Each structure stands twice: as structure tokens, then as C-alpha cells.
1. Restricting to segment 1-29, what's the tally of residues that are part of a loop (DSSP other than H, G, I, E, B), modelled with pLDDT of 80 or more and more than 24 Å from GLY84 (Cβ to Cβ)?
2. Scan VAL37, VAL48 and give me the residue that is part of a helix (DSSP H, G or I), open to solvent by 90 Å² or more (accessible area, probe 1.4 Å) and within 22 Å of PHE81 (Cβ to Cβ).
3. So, in segment 72-93, how many residues would count as being surrounded by 15 or more Cβ atoms within 10 Å (Cβ to Cβ) and out of contact with any helix residue (DSSP H, G or I) (no Cβ under 8 Å at 6 or more places or on another chain)?
4. Any chance segment 64-71 includes a residue that's in contact with a Phe, Trp or Tyr (Cβ under 9 Å, 6 or more places away or on another chain) and surrounded by fewer than 11 Cβ atoms within 10 Å (Cβ to Cβ)?
5. Does ASN47 qualify as being under 30 Å from ALA95 (Cβ atoms), among the polar types (S, T, N, Q) and out of contact with any Phe, Trp or Tyr (no Cβ under 7 Å at 6 or more places or on another chain)?
6. Within segment 54-106, which helices (runs of 4 or more DSSP H) (wholly inside it) include 1 or more residues that are aromatic (Phe, Trp, Tyr) and within 28 Å of SER40 (Cβ to Cβ)?
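The values are calculated or read from the model by the stated rules, or taken from the named source; none is laboratory data. Note that the coordinates shown come from a computational prediction; the quantities given were computed from them, not determined experimentally. Note: ideal-geometry Cβ built from the backbone for every residue, glycine included; neighbour counts use all protein chains shown. Note: areas computed on protein heavy atoms with side chains; ligands, DNA, RNA excluded. Shrake-Rupley method; radii C 1.70, N 1.55, O 1.52, S 1.80 Å.
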Amino acid sequence: NHAGFERADDHGQTPSGQTRIDNAPDPALNGEYSSAVQRSAALAQSNVARRCVVRQTFRYFMGRDESMADACTLAAMETAFQGGSFVSMLEALVASDTFAYRRLEP
């Protein structure tokens, strides 16, 4: 549940953790998953999911959507995130010219 406790009842049924993905942008993610752990492992291996994390992090910390001018920064963030470190990805963003020369758009 929302507090992290295992539920004994899920809308009248025993919780199973099974899910099916059939419309992911990465076709390798489409399929049946028997548990949340199996689904999370598949997402961790997906380049599409990794790029989504990078883009959403950029948008959150920059307060705007990315543009073509941000390609080098996004590439540096993705490279830093390859090792699995979110902090390294943030360091790549903060060290970029995109972050140093940010400004409010009118």
C-alpha cells in the first residue's frame, strides 16, 4: 500500500503483483510479468526507461522541457547515469553550461 505495508486484500483478491505491458515504447518491455521485482528488473535494463528518467530529472531540476540545444547536457547526464548513480547524473547536470547559464524565458 501507500505506506509500504504488504496488503492482505487487493479489491477482494489476494495481491499477486502480476502485470502485463502491451504498449511500451520499448518493444522489449511488452509482455507478462509475474512480480513487481521482475518488472523493475526489465525496466532497469531498458535504454528507453533510462532516457525517460534522465529527461524527467532534467525537466524537474531545470523547470522546463528540454530542447535541441540541451542535447550535450542530456548525453552527459545519460553517460553519468550508466553506472546507476543518480547523484552522478545530477552532478553532470549541475556542471553543464545549460545549468550555469540558465535564465527565465519571457
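1. Looking only at that region, the number is 4.
2. Sole residue among the options that is part of a helix (DSSP H, G or I), open to solvent by 90 Å² or more (accessible area, probe 1.4 Å) and within 22 Å of PHE81 (Cβ to Cβ): VAL37.
3. 0
4. Taking every residue of segment 64-71 in turn, at least one turns out to be in contact with a Phe, Trp or Tyr (Cβ under 9 Å, 6 or more places away or on another chain) and surrounded by fewer than 11 Cβ atoms within 10 Å (Cβ to Cβ).
5. So ASN47 fits the description; yes.
6. Fully inside segment 54-106 and qualifying: 71-81, 86-94.
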